[in-house]
């Protein structure tokens, strides 16, 4: 049986409709109208032990809502979630011991006390045996460099340090599943890399299942063996990452700055003979959009260099949000896609 | 056992962080004591002038008053801050974190937010209770002491239950603190004087709807031997603990319904 099993899961929120102006406010007082917003609409998937699953989608797609139901914060409106054979919201106390949760935007640690004291509180809260606690602290300190700030109060930590401390706190009790909501949001490249390494290591050594939401394509590429893409509360894609990119994310943009401005127009005309999708001139630079399946960057560049000399060029890969946006527009035409 | 161990850890950390600002810590307690001392003074001046309120002497009214602030102080230490902050926590989604821990949400909230200012309440309550017992020559038999303790437990449960229930309102309505202020503070003021001086409506309200009367008025009849003051039925004198337990159970039930109603926030 799969570790996480989500079946026909639906969550509806009830929100009062507020009417405008003073008379509206008075009307609301006596007769309040509600609107129902479906955040998650009839989704199903299974996750097995040891997987690292990227749960992706634009803002407001229903990612966090799904995670919150898997974690046990929210009660589903319809359908079911079982995690490790438990219904999260009904068995919060036992469920909590099986999972670790990190919300990138909000710390789970105590604001006013040093990191070590916070971690010690976790030990007592989760009843972690001494030797397990010591072993974990040692291991995590090594990979996450906790030494440099372990005696600092959480409120004085930098975002990167706080995130590392949060990760450590979430894993002290050896959870089977780790839920990460935007773990790398707002972090610098070095810390991002460190955190990815850590997640990978934990997954490899402990077979910890990881479910993470992110907007960072690098996170997805470096970590996830599988992605689930959701939009408007429905699953748009469930499968491996390379398939997703081949299918939807194969557009790249090359931007070229030629040495002589007058080359721009002639260069553009020359490129028309190649199999590119679009060319644009902007700020004295030439932007070429092409599909990686049709032609590769080297072919385009060699063509250009044979025609003129250039000062600089950049290649911009497709962003995940762009991939998803394209997927969504395509899917809304073709209907739901099943892989 | 686990909870006791855990709570002592939390309290230790709470005191450690609060005692970093030693002056503020003791001022909080002192200000509470001064505020209530001023109220005592007002009571004393009034009763000095009128001698009695419907046959209740100063120390009898003080005894009444005491049961109220002592039980309010005890439950306030634990329930007041969490329930006050619940509204904000529900609004900004901080309550999420509470639901991902292997501890029940209510105890966890209590563990996280002790309120030291109410120590002032409790100290003052104990002090003036001893004073009243002395001045009124109340017999300190074993039975009386047990009764007093049971009444205090019951009264504390009533106060706590009402705090929990007003806190729960945050799960349904945003901006509910004005309601809890009305119930906790404004209605509770009626308890400063014997319930028998008010009209039938207030008596009914504070006995059957919001049973504040059981915190101090009814049990006081028992300790002060005020047979002439009986409202409704004489058996209410013994009702504090039962009312407390029932009301507390009700509040816990409402609490668990409310938690499942929690909608979290967008992110």
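The values are calculated or read from the model by the stated rules, or taken from the named source; none is laboratory data. Here the structure is a predicted model, which means the values were calculated and not measured. In this analysis, Cβ positions are derived from the backbone assuming ideal geometry, glycine residues included, and neighbour counts consider all displayed protein chains.
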Next item on the list: Check the stretch B:53-73 and report whether any residue there is under 23 Å from residue B:253 (Cα atoms), in contact with a helix residue (DSSP H, G or I) (Cβ under 6 Å, 6 or more places away or on another chain) and surrounded by 13 or more Cβ atoms within 10 Å (Cβ to Cβ).
Entry: yes
Check: Within the stretch A:293-315, how many residues are free of Cβ contacts under 8 Å to residues at least 24 places away in the same chain and surrounded by fewer than 16 Cβ atoms within 10 Å (Cβ to Cβ)?
Finding: 6
Checklist line | Hey, residue A:324 in contact with a strand residue (DSSP E or B) (Cβ under 9 Å, 6 or more places away or on another chain), closer than 24 Å to residue A:210 by Cβ, at pLDDT below 80 and surrounded by fewer than 13 Cβ atoms within 10 Å (Cβ to Cβ) or not | finding: no
Note to self: Here's a check for you: in the stretch A:53-71, which residue that is facing chain B (nearest Cβ under 7 Å) and modelled with pLDDT of 90 or more is surrounded by the most Cβ atoms within 10 Å (Cβ to Cβ)?
What the structure shows: A:68
Next item on the list: Would you please name the residue that is farthest from the other protein chains (Cβ to nearest Cβ), looking only at residues in the stretch A:1-52 that are under 20 Å from residue B:171 (Cα atoms) and assigned to a loop (DSSP other than H, G, I, E, B)?
Entry: A:31
Next item on the list: Mind listing whichever residues of the stretch B:235-267 are within 14 Å of another protein chain (Cβ to nearest Cβ) and within 19 Å of the chain's Cα centre (by Cα)?
Entry: B:255
Next item on the list: State whether the residues of the stretch A:73-95 include one that is part of a helix (DSSP H, G or I), more than 11 Å from every other protein chain (Cβ to nearest Cβ), in contact (Cβ under 8 Å) with a residue 24 or more places away in the chain and surrounded by 15 or more Cβ atoms within 10 Å (Cβ to Cβ).
Entry: no
Note to self: Please go through the stretch A:95-108 and give me each residue that is in contact with a helix residue (DSSP H, G or I) (Cβ under 6 Å, 6 or more places away or on another chain) and at pLDDT 85 or above, ordered by number.
What the structure shows: A:100, A:101, A:102
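Quick grid of which residues meet (1) surrounded by fewer than 21 Cβ atoms within 10 Å (Cβ to Cβ); (2) free of Cβ contacts under 8 Å to residues at least 12 places away in the same chain; (3) more than 27 Å from residue B:39 (Cα to Cα):
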site	(1), (2), (3)
B:144	yes, no, yes
B:158	no, no, no
B:161	no, no, no
B:166	no, no, no
B:170	no, no, yes
B:181	yes, yes, no
B:188	yes, no, no
Checklist line | Matching option when the condition is at pLDDT 85 or above and touching a strand residue (DSSP E or B) at 6+ places or on another chain (Cβ under 8 Å), among B:215, B:197 | finding: B:197
Next item on the list: Select the helices (runs of 4 or more DSSP H) contained entirely in the stretch A:108-206, then report the ones holding at least 2 residues which are within 18 Å of residue A:222 (Cβ to Cβ), free of Cβ contacts under 8 Å to residues at least 40 places away in the same chain and within 14 Å of another protein chain (Cβ to nearest Cβ).
Entry: none
Item checked: Qualifying helices (runs of 4 or more DSSP H) (wholly inside the stretch B:90-193; at least 1 residues being at pLDDT 85 or above) -> B:95-98, B:105-112, B:118-135, B:142-172
Check: For residues in the stretch A:1-38 being touching a helix residue (DSSP H, G or I) at 6+ places or on another chain (Cβ under 7 Å) and modelled with pLDDT of 90 or more, which is nearest to residue A:225 (Cα to Cα)?
Finding: A:4
Note to self: From the list A:50, A:21, exactly one residue is over 22 Å from the mean Cα position of the chain (by Cα) and more than 23 Å from residue A:77 (Cβ to Cβ). Which is it?
What the structure shows: A:21
Check: Just checking, how many residues over the stretch B:5-20 are more than 11 Å from chain A (Cβ to nearest Cβ) and more than 17 Å from residue B:109 (Cβ to Cβ)?
Finding: 2
Check: Can you name the condition, by its number, that residue B:232 falls short on among (1) away from chain A (no Cβ under 14 Å); (2) part of a helix (DSSP H, G or I)?
Finding: (2)
Note to self: Can you say whether residue B:235 is closer than 30 Å to residue A:34 by Cβ and modelled with pLDDT under 85, as far as the supplied structure shows?
What the structure shows: no
